[in-house]
Each structure stands twice: as C-alpha cells, then as structure tokens.
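Quick note: the coordinates plus some simple rules give every number you see, no bench work behind them. The model shown is predicted, which means the values in this text are computed figures rather than measured ones. Positions of Cβ are generated from backbone atoms using ideal geometry, with glycine treated the same way; all protein chains shown enter the neighbour counts.
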C-alpha cells in the first residue's frame, strides 16, 4: 500500500511523543484500542484549569503507520484548543488531512475516540473537585 | 549492496539466470507444441519436456511418468484433492488435513464439503507440528485422503512426513503433501517419505511463475485421479491443455540446479538465518521465534517483536522486502491464521515478521537487515504505550481494553 506524504512525515517525525504524569489532576489520559486488534493509542492532554485550554498533548501508539500518524496529528490539533473545541475534532477531518484510504479509516476513528477519552478523564478528575467549567466561567 | 533487499523468498524467488538461459531457445526458435507428433518442431518440444520431467523426478526420487505438469501448485493441490475425492468417492468421503495448510488446500477442502464430503481440520501443537496420535485417531473407514503440507510457508516448520505417510499406508489411505516450500530446499524422497501425491511449484525454486507439477505415484499403490480439466487428454489424461514447454524447461533446469547445490546452499542459508535470529535475540528483549526451531526450513525465520505492530515495522524498513502476520497487511484484516493455530495470541501475531532467505542473499545483506530492523524496533518501542506499560510492570493480559 502506498502511504500519503503526510502519513510518512508523521511516521518518520512523530510530533509530541511521550507521556505525562497520569495522576496530575490537570492531565487527562485516554487509552483506546486493544493489543489483540493491533491498535492501542494513548493520548494525554494537559489542561490549564482556569482557562480550559489544552496547553500540552502527548501520545504513544502501538499500531500501523496510519494509526501513528492519526494520533500524532491529533496531538498537534488539540494543542491551544479548549477541551470543548477539541471534542469537535472529527475523524473525517483526520481522514482528509492525511488522505487515509478506506481500509485505514478505523485509525482516524481511534484517534477521535482517544481525544474524547482523554477529555472525559480530565472532566472526571474535575467533577469531584473544582470543575473547569466552573473555574473557567 | 543494492537496495531494496529481497527477504521474501517464501512468496516467490527470482529466476536463476542459468534457468533463463535454458528457457531462451524455447520462446522463438524452438516453439513447437509438445503434442505435435508429426514434425520436428513437436519432437524437439516433446524431448525438452521429457528431459525436464526427468530432472524433476530425479530431485524427488520419482520416475518421469509420475510427473504431471500443471500451471502451479494451486492447481496441483486442487487436482490432487478433488481428483482423489472424485475417483475414490465409492470408497469413502472423508478427508483429513490440518489448520495451518495453505489456502489452496483449505479452500479446496471447503469446496468439497459443500459437495457432501466430510473434512477433519486437525489442530497443530504449539510448535506447529501435527500430533501423530491425533492423526491416527482421525482416520475412519471412510477416509480416502490425508493432505498435509511438507513445510509451512509462514513458519517454515517441517512436518513428520515420513511417519504421516507410514500411518496413511498402514490404514490404506492415500497421502498428498503440498511440497512447495520443501522441494528443492531440503531432501525430499517420495519413496522413503511414503508420499502418494505431491504438489510442486517452479517459482519457489528459482524457476518461472505459471508452471508447477503434481507427482502421482504409479506403484504401491497405483494412484488414480479424476481429471479436473477436460480437453485433449494431455499428461496421460490427467491434465488437458497444451504444455507450457518454455516454463517446463525452466522448471526442469531449476530442479537440476537445486539438486546439485542443495547441500551447500542449505548450509549457507542456515548460517545466515541463524545469524539474523541471534542478532535479534541478543540485541532486543521480548522477541519470540514462532514455530519449532528444530524441525524447520533452513532459510525461514518467523519472529514476533512484542509491542511493535508489524505493518509499522515494515514501513520503517521500507528498503527491505519481508512480510508480516499483522492483520493490517492482510486482505482480510485478520492476523495470521497459521500463528493463531499455534496458539500465538493475536497481540503477538500482529507483531510477527517472516524472513525468507534465498539463493541470492548475502551475509552483507543479513547484517544490514539485522541492523535496520533492530533500530526500527527500538524506535517504535519508544512510541509504544504497550512497551511502556510492560516496562512499568503492568500485566497487559489483565488490562481492560476499551475496544473489547
């Protein structure tokens, strides 16, 4: 299969690889996929609790080149967005940006799921304490 | 050293230049139809076919009359299995095979099931080998055929063919083997190995694509098969169709070269294969060789690099041609059914790579590939959340995954 140049670029130069402390109350962690399915994505967001803006994002991915590229792209896109803006990112945006073929669409779905899971984790952490919605308002 | 490097010799092999040279006169100058009985063009073609038949027979310990030419091993498998099933339908309707066979065997068996035949698909042990007691127990008075491959195309494990043939003959059952990966690579002798029918292919042994053969035993027992292709009655009525003289000449020459050079070549390739394997085992943690290491083709290495998905690894070594058992590289989006049959988990199947060395590979290439793969595995493990978790001591089998 031929890969698009953008997929190759993200694969060869993945952006924002790494891990953050998952116990940090300002860090939301999303882990989606399963080793048996051949794809696991871990996406972490560091949110400024007073503004709700995502200040940093990191990923690690076990999966094919398209899965790596989708999650790498996701970290680029969420940075600087508020968590609610990040939730608006659609898998189809990733498909278009990376020119993913139909057989790789599930990689983009996984990246969207990873963003949602990371945001949900962050929100859960803040439900008990001072929620960011409240803090931001 | 030239790139890309070809390490996928189980899929196909380049044609040996000596084979090409032998074939050349049969395109333009000696183009006759081997079935033309009344002029020199035909006689010349027929003689070339006879010479090739002899070379192929010699390689496997058969006689010339026992070699039936086909278009390749898929056709040979179809002809053997369907041909026996149809010919011996009055005797019984049961066939025994194993789960790790090539699709040309498995799908042929499935087709026969639709026509009322019963097929037993035996499991294999963790090393990929068939359990002989289980095989013996599976035979019934309705069993007409055991079809079991000589050596596996993915993991390279060599089945106990001689014992399987012995069991078949004790029970009066015919024994067919798909010999595609073994013939020309390791010593195969149809008499000593108790084989009744054997499929072969030219393009796996440095011959051309589009030509293969089926060995059909003529004595003790005399095996009969029903033709699956009707027409001019070529190949003693078993396979009609004008012979691919040029291809057959190539297959004959390819077999003759394998016959001469096998002892030296298999030793050299085994050394290279072992070097490749040892490099991975010493440089990287958590790598697992799939299938028996003892009963294995000398040029095969199938290995899982845990926590690194196969397709992403292939992408990183894009100047090296190998194949992966990962779902992402298959048309079905399922990981390798062969590895599954061995009990290899889907997680490790996704990380498996098959290296198939061949006649034209060099030690320099092996060193290069070993270095490249090691480097890319390390890079991708730095990217792998699974490797990170494993290093933290998390038991991945106990994690509740979101996708499950």
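For chain A, modelled as a GNM with alpha-carbon contacts under 10 angstrom, which of A:32, A:47, A:17 fluctuates the most? Largest GNM mean-square fluctuation: A:17.
Rounded to the nearest 10 degrees, what's the angle between the helix A:65-78 long axis and the longest principal axis of chain A, both from Cα atoms, 0 to 90? Long axis of A:65-78 versus the principal axis of chain A: about 30 degrees.
Would you compute the Debye intensity of region B:17-257 from its alpha-carbon atoms alone, equal scatterers and no solvent, and pass along log10 I(q)/I(0) at q = 0.08, 0.17, 0.18 Å⁻¹ to two decimals? Values, matching the q order: -0.29, -1.21, -1.33.
From most to least packed by mean Cβ count within 10 Å, the peptides B:371-383, B:257-269, B:141-153 give B:141-153, B:371-383, B:257-269. Note the angle between two axes, namely the Cα long axis of helix B:363-382 and the longest principal axis of the Cα atoms of chain B, as a number of degrees from 0 to 90, rounded to the nearest 10. Helix B:363-382 sits roughly 40 degrees off the main axis of chain B. Of all DSSP bridge pairs formed entirely within the protein assembly as shown, close to 70 percent run antiparallel.
Any idea what log10 I(q)/I(0) is at q = 0.07 Å⁻¹ for chain B, Debye with uniform C-alpha scatterers and no solvent? So the normalised log intensities work out to -0.35. The ranking of B:309, B:334, B:388 by Cβ neighbour count inside 10 Å, starting from the fewest, reads B:334, B:388, B:309. When chain B is treated as a Gaussian network with alpha carbon springs shorter than 10 Å, the biggest mean-square fluctuation among B:18, B:296, B:222 belongs to B:222.
How many partner chain Cβ atoms sit within 10 Å of a residue's Cβ in peptide A:66-76, on average, as a whole number?
Other-chain Cβ atoms within 10 Å of each residue's Cβ, averaged: 2.
Label zone (residue A:123, point 7 Å along Cα-to-C-beta; backbone nitrogen cut-off 20 Å) within region A:38-64: A:42-58. Based on C-alpha pairs under 8 angstrom that are at least 6 apart in sequence, chain B has a relative contact order of 21 percent.
Note: relative contact order over region A:5-127, using C-alpha pairs below 8 Å and six or more positions apart, is 30 percent.
Considering only A:26, A:16, A:96, the Gaussian network model of chain A with Cα springs below 10 Å gives its largest mean-square fluctuation to A:96.
Per residue of B:308-318, what is the mean number of Cβ atoms on other protein chains within 10 angstrom of that residue's Cβ?
What the average comes to for B:308-318 is 5.
With both labels modelled 7 Å from their Cα along Cα-to-Cβ, the residue A:2 to residue A:85 distance reads 3.6 nm. Note on region A:1-39 and region B:173-201: Cα centroid distance 48 Å, given to the nearest whole angstrom.
Of all beta bridges that DSSP places with both ends in chain B, some 55 percent have antiparallel geometry.
Each principal axis of the Cα atoms in the protein assembly as shown has its own extent, and those three values, largest first, are 98, 53, 43 angstrom.
For the protein assembly as shown, the 222 nm mean residue ellipticity estimated from helices alone, with every DSSP H stretch of n ≥ 4 adding -39500 (n - 2.57) and the total spread over all residues, rounds to -12500 deg cm²/dmol. Using C-alpha pairs below 8 Å separated by at least 6 residues, the relative contact order for region B:53-112 is 30 percent.
If you take the Cα centroid of region B:1-56 and the Cα centroid of region B:59-91, the two points sit 21 Å apart. For chain B, the longest principal axis of the C-alpha atoms and the axis of helix B:73-87 are separated by about 60°. Once the chain from residue B:392 to residue B:236 is taken as fully extended at 0.36 nm per residue, the excess over their C-alpha distance is 49.5 nm. Taking each residue as 0.36 nm, the span from residue B:162 to residue B:379 lengthens on full extension beyond its C-alpha to C-alpha distance by 73.6 nm. Across peptide A:27-36, the average count of Cβ atoms from other chains found within 10 Å of a residue's Cβ is 5.
The alpha-carbon atoms of region B:216-364, seen along their principal axes, cover 58, 37, 34 angstrom, with the largest extent given first.
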